[in-house]
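The block underneath contains the structure these notes are about, expressed in structure tokens.
Values in this text are rule-based calculations from the coordinates and carry no lab data. Model, not experiment: these values are computed from the prediction. Neighbour counts are summed over all protein chains in view; Cβ atoms, including those assigned to glycine, are modelled from backbone coordinates with ideal geometry.
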Amino acid sequence: MDGTSTIGLIGSGSMARAMVEGWVRADPGRASRILATDRGSGRAAELARSRGVEHVTSNAELVARADTVLICVKPIDVERVLRDIGSRVGPDKAVASVAAGVATVTIESILDGDVPVFRLMPNVAVQVGLGTIAYAPGRFTHTTAEDRILDWMRPLGAVVGLEERQFDAATALSGSGPAFIALLVEAFEDSGIVAGLSHAKARELILTTMTGTAALLQEQDMACSTLRRMVTSPGGTAAAGLATLERAGVRGAIIDGVLAAMRRAGELG
Ligand SMILES: NC(=O)c1ccc[n+]([C@@H]2O[C@H](COP(=O)([O-])OP(=O)(O)OC[C@H]3O[C@@H](n4cnc5c(N)ncnc54)[C@H](OP(=O)(O)O)[C@@H]3O)[C@@H](O)[C@H]2O)c1
């Protein structure tokens, strides 16, 4: 990060807080370049108190002082925010939105035509610098505004460039993904308890198994089928477990769940 850009977060809810925690964790000095608003709940002031960012009392002041504006409100509130700030946003600002289902073309149609607009879909793991952030520029690419947005996103995790039409899929897979994975972890914790382990030991075993498996797949670019074969000896324990899981329809249930989340993302814009 170039150390001069100031980002203004419109909205101080769960996602804004997760991003702020990620930035401050990566570099506490960055807090002084983060501004935040809310619509009166006190969450921006709380973020300022606990993380050292600056609570500003109006979106107008935030837009005047930040070169990069990040819209972190619910999808239904995006249009009102854009109409509120529209006359104050010029081509020198970068405007990005994390709102599920709201397309850059919608944002561009409300702001002046020459404002660089970006779409992001982060997940809550940005809080620990291990987020997944789907990214798509609007009509302007390769601008200094784009460099600024990417500089702000990179400390938060993996930035994955996508075509915007793929965003509903990314919203389902990586945006909602932590909720799905947490459900799986919980099920494994329960199964460990049923199998006679303490909750703490079951959790330790499954979390380290998950991170180890992810590292193996990622670092060695290994196919899932290869890894499964490595672990599944004929007539062995993994074979017995996998056959039961497949018969119970786990794979189909996960596909159906992700598709349901994707359809929902498409309804939110
Ligand atoms: N949560 C996730 O895991 C996740 C993941 C990816 C993307 N997202 C996206 O992130 C966005 C925010 O989600 P969230 O879970 O953080 O929601 P949230 O916790 O409800 O927070 C929304 C924030 O927006 C503020 N707000 C609404 N209208 C405003 C206005 N006119 N001016 C200033 N602030 C305003 C609210 O203010 P008050 O506090 O005063 O009510 C609140 O602080 C959504 O569009 C969602 O699609 C969320």
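Of Val81, Val20, all but one fail to be near the ligand (Cβ under 9 Å from one of its atoms) and under 26 Å from Thr141 (Cα atoms); the exception is Val81. Residues of segment 1-24 that are in a helix (DSSP H, G or I) and over 18 Å from Arg148 (Cβ atoms): Ser14, Met15, Arg17, Ala18, Glu21, Val24. Looking across Gly161, Gly131, Gly192, one residue alone is under 25 Å from Ile255 (Cβ atoms), crowded, with 16+ Cβ neighbours inside 10 Å and small (Gly, Ala, Ser). It is Gly131. Output yes when any residue across segment 138-152 is more than 16 Å from the ligand (Cβ to nearest atom) and in contact with a Leu (Cβ under 8 Å, 6 or more places away or on another chain), and no when none is. Taking every residue of segment 138-152 in turn, none turns out to be more than 16 Å from the ligand (Cβ to nearest atom) and in contact with a Leu (Cβ under 8 Å, 6 or more places away or on another chain).
Among the residues of segment 25-49, those that are crowded, with 19+ Cβ neighbours inside 10 Å and either within 11 Å of the ligand (Cβ to nearest atom) or in a helix (DSSP H, G or I) (or both) comprise Arg30, Arg33, Ala36, Thr37, Asp38, Arg43, Ala44, Leu47, Ala48. For the residues Val115, Val63, Val53, Val105, the requirement of being out of contact with any Lys or Arg (no Cβ under 7 Å at 6 or more places or on another chain), of a type in the set (Val, Ile, Thr) and within 25 Å of Leu268 (Cβ to Cβ) singles out Val105. Residues of segment 94-103 that are surrounded by fewer than 23 Cβ atoms within 10 Å (Cβ to Cβ) and either part of a helix (DSSP H, G or I) or not aliphatic (A, V, I, L, M) (or both): Gly101 alone.
Exactly one residue among Glu246, Glu219, Glu204, Glu267 is out of contact with any Leu (no Cβ under 8 Å at 6 or more places or on another chain), touching a residue at least 12 places away in the same chain (Cβ under 8 Å) and of a type in the set (Asp, Glu), and that residue is Glu267. The residue that is farthest from the ligand (Cβ to nearest atom), counting only those in segment 1-14 that are farther than 14 Å from Trp152 by Cβ and surrounded by fewer than 24 Cβ atoms within 10 Å (Cβ to Cβ), is Ser14.
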